[in-house]
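No lab work stands behind these numbers, since they all come straight from the coordinates. Since the model is a prediction, treat every value here as computed from it, not as a measurement. Counting neighbours? That spans all protein chains shown, and the Cβs are built from the backbone with ideal geometry, glycine included.
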DNA sequence: ATTCGTGTTTCAAA
DNA sequence: GTTTGAAACACGAA
């Protein structure tokens, strides 16, 4: 379940598994995974970077760029749904599984990387550095759209997904239906603070137990997926609504400050 | 047996 | 600009 925190966890895992393990060979089991460019010959992975939810396996001269999309994940175990295998010369293989097959791999030459990212038009990162109210106001404050939908605009703020939007707004006590341009600086300030709190929390929790749907563990979220359950803050029932076709979870009683 | 819904993101269309 | 819906794809649940 690729939320930003999961992508960051994947980044750290890949760095451990691949960097300093000699030349890495990437083998495709599903050729459709490669959306553009070429695989390139085996070579060492120098570092693993993250930009929004995009992972970059940096290699001298040519990098692998991966987007997990809905169901992509890396693991050390082979199994059903594996679409690619990364084999380090001096280490154990790493498997890329992706049941829904929406994940993407791009082979990009180093000189083309700036243009590749420029074409995505990604906005700045809201994490791990905490952004002040003025920053949020500048990025999203002009939008007429509901703030929950605004938070998903990757060209304004990059990396927040559907779950994060509900969680952050609940934490910040901002109603998801409020037009973004109506929020005052205090609300933006809380959003900035709670973005950090949400992601740091998730990172800490999921270092222990990963993924709740895929793994069948506990739902690690405060309101997401908890329609009808009591609000952790005031006890009222959490409501599920739909905004531009996507689930929103919020407390109808205590979330409009 | 179909249909629906699912965490992502972009794109076209109204 | 805004807002919605569809699309990419596979699969489990209703």
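For this structure, a couple of remarks:
- Chain A: antiparallel DSSP beta bridges as a percent of all, rounded to 5: 90
- Length gained when the stretch residue A:229-residue A:25 is fully extended (0.36 nm per residue, less Cα-Cα span): 68.7 nm
- Value of [θ]222 nm, deg cm²/dmol, for chain A, DSSP H segments ≥ 4, -39500 (n - 2.57) each, nearest 500: -8500 deg cm²/dmol
- Annotation: the residues A:175, A:75, sorted from fewest to most other C-beta atoms within 10 Å of their own C-beta, follow the order A:75, A:175.
- Helix axis angle, A:162-172 relative to chain A longest principal axis, alpha carbon, degrees: 40
- Shape of segment A:116-257 from the C-alpha gyration tensor: oblate (a/c of 1.5 or more and a/b not above b/c, with a ≥ b ≥ c the square roots of its eigenvalues).
- Segment A:8-112 - share of DSSP beta bridges that are antiparallel (%, nearest 5): 90
- Under the criterion of Cα pairs below 8 Å and six or more residues apart, the relative contact order for chain A equals 16 percent.
- Over 26 Å [Cα-Cα, chain A], rounded percent: 44
- Zone residues, segment A:53-69, relative to residue A:90, backbone N less than 16 Å from point 7 Å out along Cα-to-Cβ: A:60
- Pairs of alpha carbons in segment A:112-177 whose separation is greater than 13 Å (percent): 67
- Calculated on C-alpha atoms, the gyration radius of segment A:4-120 divided by its Kirkwood radius gives an Rg/Rh of 0.92.
- The modelled label-to-label distance between residue A:129 and residue A:75, using points 7 Å beyond Cα along the C-beta direction, is 3.6 nm.
- Tensor-based shape of segment A:1-55 (alpha-carbon gyration tensor, a/c under 1.5 rounded, otherwise prolate or oblate): oblate
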